[in-house]
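Q: Sending over a structure as structure tokens; questions will come in a sec.
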């Protein structure tokens, strides 16, 4: 089994909002599909990726699994996009994909014979009187999650934290939080609901949800006969969970699973961060949290990442962002690695939240790629590395003797790139660099101090450069 790094997929693929599920001894991930260089979220059609349960490094896709044009409400443009989906195997053995088209407020369902599609439009979630969910002046339906319990009861989760905040007129504020409906076996018709299960900012005061209220990104898992509702909080960069003995009531706040800037792990934010969405994968005795990171200076080019979770039988410990991700052990401390697998990217003067649009100050580095969206080449790299930049990789295991390190860069710069075991840690290498209009390799002696270590790259000098890869040898 080959090594796997974060992001999990090829670095020219942009799949955020990952929902991992196991069907037929394979892990399938259902997510949105961003477009590199796009001007909005989720501009591409759905694409399902999967791998064998015993090899989390071998991800593949059969291509587009569902096209937005199949939805009866699709009108074209960059507003009618398909947001975060979820999938379940129905009691009839077919696979049902749930999603919302923009902020229209309807939950659509597509159906397939196979877990990776092709899916075809099936219908909209509705009441027994055939009125669509969302047409009775209810709370806004968004980011649906589908869950079928051991007793074959079917539950649909949905919700949005604040329609008022984003000016979505005609919809109530979800001031009661996340909601759940029970569905009939046709996977479309509402049997009962909604029941409200997770607090939002309008009703959290004095509860254990305060400061980590529900915003969006509903997901449900059942572990050891407990129900875990996973969601993105109003903090936005963190994925949280709530626990109950029931799928539709009595949930209590559990904790944070992951933050895409390591909020709560570090005493400062160690990534350019943004919205977050994902869920838990349980394989044998291992648990993983799938989530996404932001790239390209905005929120429209997000990539799927995953980390192993520590679980005590009831509660999870917050996972740290790493480059090794679900590799199962630190990366081999020898060989060539793409600069784009960094798990920490920030400046010595701080970082910030990638809002929908934000002008980036010159001193900030960012992940981008050389080619357009859907190009077959993997050309992602870090641009605008200056004396303010901090680029971190975790973790490497130095089992073999190594004595050198090199970096491939280009730019208008002169100075020294320092390689340390932390931002302000021990210097492991000092690589002198100078101006180069083409990609050039610069080398220096390298001496790791510990068997397992992080690597942090900083620049001491003048100018700026692009960072492509590094080699330990």
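Q: Before we move on, is residue 41 under 16 Å from residue 374 (Cβ atoms) and buried (at least 20 other Cβ atoms within 10 Å of the Cβ)? Before you say what the answer is, go through the steps one by one.
A: On the way: under 16 Å from residue 374 (Cβ atoms): no; buried (at least 20 other Cβ atoms within 10 Å of the Cβ): yes.
For residue 41, the condition - under 16 Å from residue 374 (Cβ atoms) and buried (at least 20 other Cβ atoms within 10 Å of the Cβ) - is not met.
Q: Same structure again: With 277, 252 as the choices, which residue is crowded, with 24+ Cβ neighbours inside 10 Å and within 23 Å of residue 228 (Cβ to Cβ)?
A: 277
Q: Let me ask something additional. For segment 406-414, check the following and say yes or no: at least one residue is closer than 30 Å to residue 328 by Cβ, more than 30 Å from the chain's Cα centre (by Cα) and free of Cβ contacts under 8 Å to residues at least 40 places away in the same chain.
A: No - not one qualifying residue is present in segment 406-414.
Q: Name, by its number, the condition in (1) under 28 Å from residue 80 (Cβ atoms); (2) in contact with a helix residue (DSSP H, G or I) (Cβ under 9 Å, 6 or more places away or on another chain); (3) not assigned by TED's automatic domain parsing to the domain that holds residue 145 that does not hold for residue 46.
A: Every listed condition holds for residue 46 apart from (3).
Q: Out of (1) outside any strand (DSSP E or B); (2) surrounded by 14 or more Cβ atoms within 10 Å (Cβ to Cβ); (3) more than 23 Å from the chain's Cα centre (by Cα), the odd one out for residue 401 is which?
A: (2)
Q: Here are some residues: 123, 206. Which one is outside any loop (DSSP other than H, G, I, E, B) and modelled with pLDDT of 90 or more?
A: Just a single option satisfies the conditions, and that option is 123.
Q: Also, quick follow-up: Could you list all residues from segment 265-305 that are free of Cβ contacts under 8 Å to residues at least 12 places away in the same chain and either part of a loop (DSSP other than H, G, I, E, B) or closer than 28 Å to residue 40 by Cα (or both)?
A: 267, 284, 285
Q: Still on this structure: Restricting attention to segment 433-452, which residues are closer than 21 Å to residue 329 by Cβ and part of a strand (DSSP E or B)?
A: 452
Residue-wise test of (1) surrounded by 23 or more Cβ atoms within 10 Å (Cβ to Cβ); (2) part of a strand (DSSP E or B); (3) modelled with pLDDT under 95.
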{"site": "3", "(1), (2), (3)": "no, no, no"}
{"site": "22", "(1), (2), (3)": "no, yes, no"}
{"site": "28", "(1), (2), (3)": "no, yes, no"}
{"site": "34", "(1), (2), (3)": "yes, no, no"}
{"site": "54", "(1), (2), (3)": "no, no, no"}
{"site": "65", "(1), (2), (3)": "yes, yes, no"}
{"site": "76", "(1), (2), (3)": "no, no, yes"}
{"site": "79", "(1), (2), (3)": "no, no, yes"}
{"site": "98", "(1), (2), (3)": "yes, yes, no"}
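Q: Before we move on, is residue 425 touching a strand residue (DSSP E or B) at 6+ places or on another chain (Cβ under 9 Å), closer than 24 Å to residue 367 by Cβ, surrounded by 16 or more Cβ atoms within 10 Å (Cβ to Cβ) and at pLDDT 95 or above?
A: On the way: touching a strand residue (DSSP E or B) at 6+ places or on another chain (Cβ under 9 Å): yes; closer than 24 Å to residue 367 by Cβ: yes; surrounded by 16 or more Cβ atoms within 10 Å (Cβ to Cβ): no; at pLDDT 95 or above: yes.
Judged against the criteria, residue 425 is not a match.
Q: Scan segment 237-246 for residues that are surrounded by 20 or more Cβ atoms within 10 Å (Cβ to Cβ) and more than 11 Å from the chain's Cα centre (by Cα) and jot them down.
A: 240, 241, 242
Q: Would you check which residues across segment 156-182 are surrounded by fewer than 22 Cβ atoms within 10 Å (Cβ to Cβ) and either closer than 23 Å to residue 221 by Cβ or modelled with pLDDT of 90 or more (or both) and list them?
A: 176, 182
The values are calculated or read from the model by the stated rules, or taken from the named source; none is laboratory data. Owing to the predicted nature of the structure, the values given are computational and were not obtained by experimental measurement. Neighbour counts are summed over all protein chains in view; Cβ atoms, including those assigned to glycine, are modelled from backbone coordinates with ideal geometry.
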